[in-house]
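The values are calculated or read from the model by the stated rules, or taken from the named source; none is laboratory data. Predicted model, so just to flag it, every value in this text is computed and none were measured. Don't worry about glycine lacking a Cβ; one is built from the backbone with ideal geometry, like all the others, and counts go over all protein chains shown.
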Amino acid sequence: MASRIFFRLSASILLIVLASACGPRETPEQHLARMRNGHEITPTGVIPSTDAAGEPRMIVDLRVTNKLVEKLNHLTILVRVTGADGSEKLLKPVTLDLSDCRPGVGAQMAAVIDGFALADDDQVSVEIARNLSPEELRALPEFQDLKTD
């Protein structure tokens, strides 16, 4: 009799634990936000340049590391240029092609900004925009990479 009560009590506790572990299903937008947040991006250099037509171009060398086990084929980052006076001279989204990058392994790549002339005293930074709304996430090129059920 005591073993029956113990079995029922154990089964009830197990069911409660399993039911609480099954939270709400992750939406595609939440999945993308989690995957974007799992990337680390570090600028390693900036090269002012010109294209074949002589137009200004800025090349930002980057080190991108996916710290997750899932692969994301594209990642949109923000490239920001601030002048010596602190004014924002450029804020441009750039989508990187990560299709050849493996999770857990860093990759060297470049973000190219055409039509921008970098001054000697400009400061360049890069970031992954966080806390985007579901609408903003759906508008990103990487949203199309997700396999939705």
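With the requirement that a residue be charged (D, E, K, R) and touching a strand residue (DSSP E or B) at 6+ places or on another chain (Cβ under 9 Å), what does the stretch 81-119 give you?
Correct list: Glu88, Lys89, Lys92, Asp97, Asp100, Arg102, Asp114.
Is it fair to say Ala129 is within 13 Å of the chain's Cα centre (by Cα), in a loop (DSSP other than H, G, I, E, B), hydrophobic (A, V, I, L, M, F, W, C) and modelled with pLDDT under 95?
Against the criterion (within 13 Å of the chain's Cα centre (by Cα), in a loop (DSSP other than H, G, I, E, B), hydrophobic (A, V, I, L, M, F, W, C) and modelled with pLDDT under 95), Ala129 qualifies.
Which one of these is touching a residue at least 24 places away in the same chain (Cβ under 8 Å) and under 28 Å from Asp145 (Cβ atoms): Thr95, Thr82?
Only one candidate passes the filter, namely Thr95.
Taking into account only those residues within the stretch 114-126 that are assigned to a loop (DSSP other than H, G, I, E, B) and hydrophobic (A, V, I, L, M, F, W, C), which is farthest from Gly54 (Cα to Cα)?
That would be Ala119.
Need the failing condition index for Lys89 against (1) of a type in the set (D, E, K, R); (2) more than 30 Å from Glu26 (Cβ to Cβ); (3) without any contact (Cβ under 8 Å) to a residue 24 or more places away in the chain, just the number.
Going through (1) of a type in the set (D, E, K, R); (2) more than 30 Å from Glu26 (Cβ to Cβ); (3) without any contact (Cβ under 8 Å) to a residue 24 or more places away in the chain one by one, Lys89 breaks only (3).
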